[in-house]
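The values are calculated or read from the model by the stated rules, or taken from the named source; none is laboratory data. Fair warning: this is a prediction, and the values are worked out from it, not measured in the lab. Cβ placement follows ideal geometry from the backbone for every residue including glycine, while neighbour counts extend to all protein chains displayed. Areas reflect the complete protein model, heavy atoms only, side chains present, ligands, DNA and RNA absent. Shrake-Rupley method; radii C 1.70, N 1.55, O 1.52, S 1.80 Å.
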Amino acid sequence: MYRRGGIGMNAIWLFFLLGGIGIAAARGDVQKVTDGALKGAEMAVEVALGLIGAMALWLGIMRIAQEAGLIDLVARIARPFLIRLFPSIPPNHPALGHILMNLSANVLGLGSAATPFGMKAMQAMQELNRNRPEASEAMCTFLALNTSCITLIPATIISVRVAAGSANPTEIVGPTILATMVGMTVAVTADQLLRSYYRRRGG
């Protein structure tokens with residue numbers, strides 16, 4: 001299934017590429033396509049190089065926060081809330097700890113640290129999953145939270161803005177917090193409503 005999806009996306013991108021070249025050739029602007037491709041590649045390298053310094057700074061700050069116990073503090077604060085969201089997971093099960101660490105890292109913009117915790121959380125929840133071919137309710141809830149988690153420090157976006165020469169790269173912090181807060185609220189609400197719907201339907 002994954003390979004079929006990948007082939008489908010590749011076909012779409014190939015269609016766009018060949019379509020653009022074909023239209024440019026029909027208009028006699030093939031050179032513009034070549035120039036645009038080279039310019040885009042050049043800009044990609046410049047942005048990537050510009051991100052190195054900013055990302056190194058933010059990751060260093062986040063690492064200090066992690067070593068100082070800030071992530072553990074956020075995890076302890078969030079534990080009562082998550083226990084109610086994941087009633088099928090025992091309070092002392094390792095899965096809940098991995099979920100807490102994943103979401104705490106996401107809140108602080110530690111995407112590189114959140115990924116392994118997320119994988120461990122899914123593996124631990126799969127052990128509790130009675131219907132193994134399908135995702136459990138806890139797994140669906142975790143996916144909704146992980147993809148819409150509130151972000152207090154959008155380090156990646158700030159780094160991109162720095163690399164692009166933004167005059168005030170941190171002005172995105174406020175809107176990001178608001179947008180991710182709304183997104184997480186909608187995701188959790190939808191998860192709870194759909195869970196109740198399918199429970200009634202199954203019953």
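Check Ile153, Ile99 and return the single one that is of a type in the set (A, V, I, L, M, F, W, C) and in a helix (DSSP H, G or I).
Numbers: Ile153 fails: in a helix (DSSP H, G or I).
Criteria check complete, one pass: Ile99.
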The condition from (1) out of contact with any Pro (no Cβ under 8 Å at 6 or more places or on another chain); (2) closer than 27 Å to Ile177 by Cβ that Val162 misses is numbered (1)
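Please find, among Gly118, Gly174, the residue that is within 25 Å of Ala68 (Cα to Cα), surrounded by 15 or more Cβ atoms within 10 Å (Cβ to Cβ) and among the small types (Gly, Ala, Ser). Let's see the steps before the verdict.
Values: Gly174 fails: surrounded by 15 or more Cβ atoms within 10 Å (Cβ to Cβ).
Just one listed residue meets the conditions, Gly118.
Quick check: anything in region 95-118 in contact with a Pro (Cβ under 8 Å, 6 or more places away or on another chain), under 30 Å from Leu49 (Cβ atoms), at pLDDT 85 or above and in the same structural domain as Pro80 (by the TED database)?
Taking region 95-118 and keeping what is in contact with a Pro (Cβ under 8 Å, 6 or more places away or on another chain), we get 96, 109.
Right, trim to under 30 Å from Leu49 (Cβ atoms) and you get 109.
From what is left, the residues that are at pLDDT 85 or above are none.
No, the conditions are met nowhere in region 95-118.
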Contact list, first residue from region 2-22 and under 22 Å from Lys32 (Cα atoms), second anywhere and open to solvent by less than 100 Å² (accessible area, probe 1.4 Å) and modelled with pLDDT of 85 or more, beta-carbon distance below 8 Å, six or more apart or interchain, is none
Only unsatisfied item for Ala124, checking (1) open to solvent by 20 Å² or more (accessible area, probe 1.4 Å); (2) over 14 Å from the mean Cα position of the chain (by Cα), is (1)
Only unsatisfied item for Thr189, checking (1) within 18 Å of Leu82 (Cα to Cα); (2) in contact (Cβ under 8 Å) with a residue 12 or more places away in the chain, is (2)
Condition set in contact with a Ser or Thr (Cβ under 7 Å, 6 or more places away or on another chain) and among the polar types (S, T, N, Q), scope region 163-203, selection modelled with the highest pLDDT: answer is Thr180
When (1) open to solvent by 30 Å² or more (accessible area, probe 1.4 Å); (2) aromatic (Phe, Trp, Tyr); (3) in contact with a helix residue (DSSP H, G or I) (Cβ under 8 Å, 6 or more places away or on another chain) are applied to Tyr197, the one that fails is (3)
Taking first residues from region 130-143 that are in a loop (DSSP other than H, G, I, E, B) and second residues anywhere that are of a type in the set (Val, Ile, Thr) and open to solvent by 30 Å² or more (accessible area, probe 1.4 Å), the pairs with Cβ under 7 Å that are 6 or more apart or on different chains are none
The residue from Ala135, Ala144, Ala163 that alone is outside the structural domain of Glu46 (by the TED database), out of contact with any helix residue (DSSP H, G or I) (no Cβ under 7 Å at 6 or more places or on another chain) and crowded, with 16+ Cβ neighbours inside 10 Å is Ala135
Within region 139-170, residues aliphatic (A, V, I, L, M) and under 15 Å from the mean Cα position of the chain (by Cα) come out as Leu143, Ala144, Leu145, Ile150, Leu152, Ile153, Ala155, Ile157
Of (1) assigned to a helix (DSSP H, G or I); (2) under 23 Å from Leu49 (Cα atoms), Gln126 satisfies every one except (2)
